[in-house]
Amino acid sequence: SVDEEGAGGGVIVASKRHRVRPQEASTRRPRRERKARARSRCRSETGAVRIPDVVRTTRLTASTHRHYLRTHPDRPTAMLAGPTDTRCSRSTRVSVATLGALGLSLGAALSGCGASEADSAATAMHLPDHVSDWTRQESSVTYDRETIFEYIDGAGEVYRSYAFRDVAVAHYTRSGSPGITVELFDMGTTEDAYGVFVHGREHEEAGIGGGFERRGGVLCFWQDRFYVCVAAEQPAAHMAAAVEEIARAIARNLPPPVTRPFMVDLLPPDGLVPFSDRFFHLRQSLNYHYYLQRENVLNLSAETDAVLARYAPGSTHLLIVRYESVDAAADALRSFREQYVRSSGRQTVVTERGTYVSSDVHDRFVAVVLDADSETAADALLEAATERIAQLGS
């Protein structure tokens, strides 16, 4: 299943903000009081070392690492995510170097916290117990669609906008070396594993899974229905080799790699900006990658598949959406033209910004060109897209 509410892609980096349901707002204690009570309860119930306020819940993706490097240029240290309980930690970014400076090991900091280990077997079974002289700790935990917010408060909405099932979090250790943390996401389908992988992708390499990306001490890849991130506590040459070795070992335990989603093949290759394609389902995801409109003018839902990509020259975008039926596609095009371009009959129109928007429907597919530099360019890209849909569409 896919959650259609609150699935905004803008929260791929762990956020301090927790979405409160309207019915809960009047009964929740003030934020400061809740945090004080939670820290006290965590210490009394688990006997764990109190985690300083800088210790956090964060995500192990290249996007997180890129954001951290951009906002902390003086501390180019890889981010580490660990299994945490919201009673015992706070959603704040911290480098592993900071943990070391505080004299805390990851195990001590997270002792007694996190989700139950009872549910971890199905996904965690794909994680090897040993990789060379690296050993997986027994404290692996799994978070599902309901408990994901305990691990990555706020950012869980990104995964729930896909067919996310659960994520297994494990920690590998070796004598005399910093640790390595692994996140293994079961995304439910191969298409959605790819969708999460490309959500913030800037480049891609071949050789691990269906493709991988490395930034600093973090390596992420997708394979079959799984999305995997492996991160070293400290970025160093020897740690980079260990991260890759563990990533390859995990890939060997997963089902064989598959091809990219069919929708990506519908993108015309001429002018396509490398690594710019994004695969998703919901309006919230579209508005993160390209803000179209608050209203769901294209009738996007959990049953629609969409691909968005950038084209050169300029900042032209091509959006292709597949609907459940021919009638649903026709209704979506009609809605888009009436509510967005304010023209029910014209294929190509000029916007107030002086850019061009072009749209058309073919069978179950709607193609939309956005921000083209000229009417000719908009029409040409739309024609190329509809031709590929006619050739490859199903």
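The values are calculated or read from the model by the stated rules, or taken from the named source; none is laboratory data. Here the structure is a predicted model, which is why all the values come from computation and not from measurement. Glycine gets a Cβ as well: all are built from the backbone with ideal geometry, and neighbour counts include every protein chain shown. Note: accessible area is taken over every heavy atom of the protein model, side chains too, but ligands, DNA and RNA are not part of it. Shrake-Rupley method; radii C 1.70, N 1.55, O 1.52, S 1.80 Å.
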Check your understanding: Just to be sure, is ALA367 closer than 14 Å to HIS317 by Cβ and not polar (S, T, N, Q)?
Key -> yes
Review point. Considering only the stretch 211-248, how many residues are small (Gly, Ala, Ser) and in a loop (DSSP other than H, G, I, E, B)?
Key: 4
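Which is in contact with a His (Cβ under 8 Å, 6 or more places away or on another chain), open to solvent by 30 Å² or more (accessible area, probe 1.4 Å) and free of Cβ contacts under 8 Å to residues at least 60 places away in the same chain, of ALA380, ALA330, ALA390? If you could, list the steps in order and put the result at the bottom.
Working: ALA380 fails: in contact with a His (Cβ under 8 Å, 6 or more places away or on another chain); ALA330 fails: in contact with a His (Cβ under 8 Å, 6 or more places away or on another chain).
Just a single option satisfies the conditions, and that option is ALA390.
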Exercise for review: Could you pull out every one of the strands (runs of 3 or more DSSP E) wholly within the stretch 249-330 that has 2 or more residues that are more than 20 Å from the chain's Cα centre (by Cα)?
Suggested key: 316-322
Exercise for review: Test VAL349 against the stated conditions and say whether it is over 31 Å from the mean Cα position of the chain (by Cα) and not in a loop (DSSP other than H, G, I, E, B).
Suggested key: yes
